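One structure below.
The values are calculated or read from the model by the stated rules, or taken from the named source; none is laboratory data. Quick caveat, the model's predicted, so the values are computed rather than measured. Reconstructed Cβ throughout: ideal geometry from the backbone, glycine too, with neighbour counts over all protein chains shown.
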Amino acid sequence: MKLGTLLTEQANPASASIDAVPTLEMLRIINEEDKKVALAVEAALPQIAVAVDAIVARIEAGGRLFYTGAGTSGRLGVLDASECPPTYNVSPDLVQGFIAGGDKALRKAVEGAEDSRELGAAEMMAMGFCGADILCGIAASGRTPYVLGAMAKAKELGALTIAVSCSPGSELSAVADIAIEVLPGPEVVTGSTRMKAGTATKLVLNMLSTGALIRLGYVYGNLMVNVQPTNEKLVDRAIRIVMQAVGVEREVATDLFESSGRVVRTAIVMGRLKLSREEAERRLSLAGNRISVAIQT
């Protein structure tokens, strides 16, 4: 492949003189280009929705979500994975990210690591990846060998594969079960895919993980109902969530929270349906810990 033909490598005429304009105008040019990113993501929403539902189905069957990439793409995958446990109190094993060159590549580029298909497959397998899992390969160019190697191995194992790229008709898209192509166009600084492509990728990954965890019941309304009261701040947050979800004053919410064994989900179902802790726990168990289902049934 001639790399110069890739969309992510094209020169952007809108920024051709960006080095010669006043600072405010320079920033306006960047901002105008950034505005195109959300629209590019919007165009890919149908594919993102298919991916979210597929991820949920795999996780419900015992699978895990893995992200892989090189450079900015890899860092964004690791970032998204690392933020799931503190936000939703899920196991660190549920969503994982690995990057070409290993963790040291998060801070400093590891030259050449992205060029090895074998390394991509080997590092994925070293993390315990199996056929029940999901691999989301991320590459702005859609042709990173490290990512392609991991994707090929994942498909060989029977895993679900998802591609996230910023180039149309890429090799990465061709090998994936679900292809998400977000096309914000050439970068302000030619080839600097940490800019629009990076922003687009971050938005997509936010949707994949957040959408899946919402569907899995970790959110009720727009509240993080799996928060664990491990310190004073989080106890206060948990009580405020119960207040809002049940529609009661703080004293009542506190009583519900303590009576539930300090489990926010249980406290909400107890308060909404006027149930004992045992009955609320039973309903939640039958509903797969989804509050909305437990209340409806």
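Filter segment 73-116 down to residues that are crowded, with 21+ Cβ neighbours inside 10 Å and of a type in the set (S, T, N, Q), then give me how many there are. Residues that pass the stated criteria total 2. Using the structure shown, decide if residue 182 is outside the structural domain of residue 143 (by TED's automatic domain parsing) and β-branched (Val, Ile, Thr). No, not satisfied. Among helices (runs of 4 or more DSSP H) entirely within segment 208-297, having at least 3 residues that are surrounded by fewer than 14 Cβ atoms within 10 Å (Cβ to Cβ) singles out 232-246, 250-259, 277-286. Whether a residue is outside any helix (DSSP H, G or I) and on the phi < 0 side of the Ramachandran plot was assessed, and residue 17 passes this test.
Exactly one residue out of 161, 193 is hydroxyl-bearing (Ser, Thr, Tyr) and either out of contact with any strand residue (DSSP E or B) (no Cβ under 7 Å at 6 or more places or on another chain) or closer than 19 Å to residue 11 by Cβ (or both), and it is 193. Every residue in segment 191-206 that is crowded, with 19+ Cβ neighbours inside 10 Å and over 30 Å from residue 16 (Cα atoms), please. Matches in segment 191-206: 205 only. Checking each residue in segment 90-108 for being part of a loop (DSSP other than H, G, I, E, B), in contact with a helix residue (DSSP H, G or I) (Cβ under 7 Å, 6 or more places away or on another chain) and in contact (Cβ under 8 Å) with a residue 24 or more places away in the chain picks out 90, 94, 100, 101.
For segment 132-172, how many residues are farther than 14 Å from residue 65 by Cβ and in a loop (DSSP other than H, G, I, E, B)? Total meeting the criteria: 11. Of all residues in segment 129-146, those satisfying the criterion of being touching a helix residue (DSSP H, G or I) at 6+ places or on another chain (Cβ under 6 Å) and either of a type in the set (A, V, I, L, M, F, W, C) or within 17 Å of residue 102 (Cα to Cα) (or both) are 134, 135, 137, 138, 139, 140, 144, 145, 146. The single condition from (1) at pLDDT 95 or above; (2) part of a helix (DSSP H, G or I) that residue 87 fails is (1).
From the set of residues in segment 43-83 that are assigned to a helix (DSSP H, G or I) and basic (Lys, Arg), which is nearest to residue 165 (Cα to Cα)? Among those residues, the one meeting the criterion is 75.
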